[in-house]
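Asks: After the structure tokens below, expect a handful of questions from me.
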Amino acid sequence: MPAPTLLYSSAGFSYDDIMNENNHSESVIIAEGLVKRYSKDVLAVDGVDIVIPANIVYALLGPNGAGKTTMISMLTTLIEPTAGSARVKGFDVVRRADEVRKRIGVTFQEMILDEELTGRQVLDFHGRLYGQPKAKRRAKIAELLALVELEDAADRRCATYSGGMKRRLELARGLMTEPEVLFLDEPTLGLDPQNRVSIWEYVRNLKADLGLSLLFTTHYMEEAEQMADRVGIIDHGRIVVEGSPRALVDQMGEDTIRILGRGDSRAFVETLQALPFVETVVEGESVIQLGVDSGSKRLAEVVTLANTDGFTIDDISVAKPSLGDVFLKYTGRQLRDK
Ligand SMILES: Nc1ncnc2c1ncn2[C@@H]1O[C@H](COP(=O)(O)OP(=O)(O)OP(=O)(O)O)[C@@H](O)[C@H]1O
Ligand SMILES: [Mg+2]
């Protein structure tokens, strides 16, 4: 298996520092060769190594079926790995699952709410499950209901909640036990922008005030870009590239030129590769993408060259590179931002 490309910028530590020092005491989540095979045909996670230091927000970004939920399920002890191992806060997720559970909070993409209970009851039961005393539960519930803006609906049955309300309740539940490590599977899916902002604000505060570490999965590129200290891009159960969002995007060049067109692209691509101002050329299924020093300045030249090389351009545009472009570079496919 090829090692994933690792790019770190100014984070103050390198991947090698972390991997080579046998001292992982600062690492909150460590996965080594993690594999999950659901059946003969379904290899959901295919040998993932991850080291996540304390007090870091880590995003697992990937398309549908990439293995994100499966990763979270293994790290939160819900399913056992087929091979490899993982530790959370130093505890093995299989052998010391109880110790892991004490220290984590998790919210799932597929919610498991008892719809007959009210929002308040859901939170209260959860606190009781973890042995929180009544006064503590009451204070925590009030705080969290305010956070996710469910105060007015707190005493209605969950069955009457909208999808977004259920998701917010689910998030509140994950925070009920003041976890040291929080796992969020698609935390903002189905939320309106305002709710997304307030939830991330709260999470950021948790990280700052309590030194919380956080792993979340998302389809939203800009969410990973903005919220994460580090991003692991996952595809077909493998981390294809990992690093700080800044470092990942910086390698793509200053600007990205995207070209949609027809005809034999070989000569054109060769020409592009030889140009001094072109830093990267990525050819996807239907798109050619260039990392260049200055997009708007180079556009005309690129169009002229396409004509010379017998390639017909249907559409050409300049943009700042994004994590989607990084995904395209490493997989040859587009990661659509939903
Ligand atoms: N319980 C299961 N039994 C069998 N196959 C499963 C199971 N759960 C997931 N899979 C398969 O494993 C692969 C990875 O699924 P997973 O849910 O981890 O992906 P994901 O990245 O979370 O996708 P999404 O973005 O759609 O949530 C998929 O091919 C999926 O069909
Ligand atoms: Mg999922």
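Asks: Which FRET efficiency value, to the nearest 0.05, do you get for Asp264 and Glu149 by plugging their Cβ-Cβ distance into 1/(1 + (r/R0)^6) with R0 = 51 Å?
Replies: Numbers: r = 56 Å, r/R0 = 1.09.
E(calc), rounded to 0.05, equals 0.35.
Asks: Per residue of region 296-302, in order, report the coupling 6.51 cos²θ - 1.76 cosθ + 1.60 (Karplus, θ = phi - 60°) as ³J(HN,Hα) in whole Hz, putting x for Gly and Pro.
Replies: Coupling constants for region 296-302: 5, 5, 9, 4, 4, 5, 5 Hz.
Asks: Rounded to the nearest 500 deg cm²/dmol, what is the calculated helix-only ellipticity per residue at 222 nm for the chain, with -39500 (n - 2.57) per DSSP H run of length n ≥ 4? Let's see the in-between values first.
Replies: Details: 12 runs with 122 residues, N = 338.
It lands at -10500 deg cm²/dmol.
Asks: Please compute the net charge surrounding Lys207, taking Lys and Arg as +1 and Asp and Glu as -1 over other residues with Cβ under 14 Å from its Cβ.
Replies: Values: positive: Arg204, Arg230; negative: Glu178, Glu180, Glu201, Asp209, Asp229.
Once positives and negatives cancel, what remains is -3.
Asks: Can you find, among Pro63, Met221, Ile30, the residue farthest towards the positive end of the dipole of region 5-248? Put +1 on the C-beta of Lys and Arg, -1 on that of Asp and Glu.
Replies: It is Ile30, whose Cα lies furthest towards the positive end.
Asks: While we're on this one: Report, in degrees rounded to the nearest 10, the 0 to 90 angle that the Cα long axis of helix 119-129 makes with the longest principal axis of the chain.
Replies: It is inclined by approximately 70 degrees.
Asks: So how far apart, in nm, are the two label points at Leu305 and Leu275 if each is 7 Å from Cα heading toward Cβ?
Replies: With each label placed 7 Å out from Cα toward Cβ, I get 0.4 nm.
Asks: Would you please give the residues with an amide H less than 5 Å from that of Asp46, counting only those at least 5 places away or on a separate chain, with H modeled from the backbone geometry?
Replies: The answer is Lys36, Arg238.
Asks: Next up: For region 5-248, how big is the tail of P(r) above 23 Å, as a whole percent of Cα pairs? Walk me through the numbers on the way to the answer.
Replies: Details: 14496 of 29646 pairs.
Percent of Cα pairs beyond 23 Å in region 5-248: 49.
Asks: Also, quick follow-up: Would you please name the GluC sites (Glu not before Pro) within region 72-179 that are DSSP coil residues with at most 12 other C-beta atoms within 10 Å of their C-beta?
Replies: Values: sites: Glu99, Glu110, Glu115, Glu116, Glu143, Glu149, Glu151, Glu170; in loops: Glu110, Glu115, Glu116, Glu149, Glu151.
In loop regions of region 72-179 (DSSP not H, G, I, E or B), the sparsely surrounded GluC sites (Glu not before Pro) are Glu110, Glu115, Glu116.
Asks: Among Phe183, Gly237, Met252, pick out the residue whose Cα is farthest towards the positive end of the charge dipole of the chain, where Lys and Arg carry +1 and Asp and Glu carry -1 on C-beta, about the Cα centre.
Replies: Value computed over the given set: Phe183.
Asks: Could I ask something else about it? Using Cβ counts within 10 Å as a stand-in for footprinting exposure, how do Val181, Val45, Val28, Val94 rank, fewest first?
Replies: Details: Val181 21, Val45 28, Val28 25, Val94 14.
Taking fewest neighbouring Cβ atoms as first place, the list is Val94, Val181, Val28, Val45.
Asks: Could you check what % of the DSSP bridge pairs in the chain are antiparallel, to the nearest 5?
Replies: On the way: 38 of 59 bridges.
Counting only bridges with both partners in the chain, antiparallel ones make up about 65 percent.
Here, each number is a calculation from the coordinates, and none is a lab measurement. Model, not experiment: these values are computed from the prediction. Cβ atoms come from the backbone with ideal geometry, glycine included; neighbour counts cover every protein chain shown.
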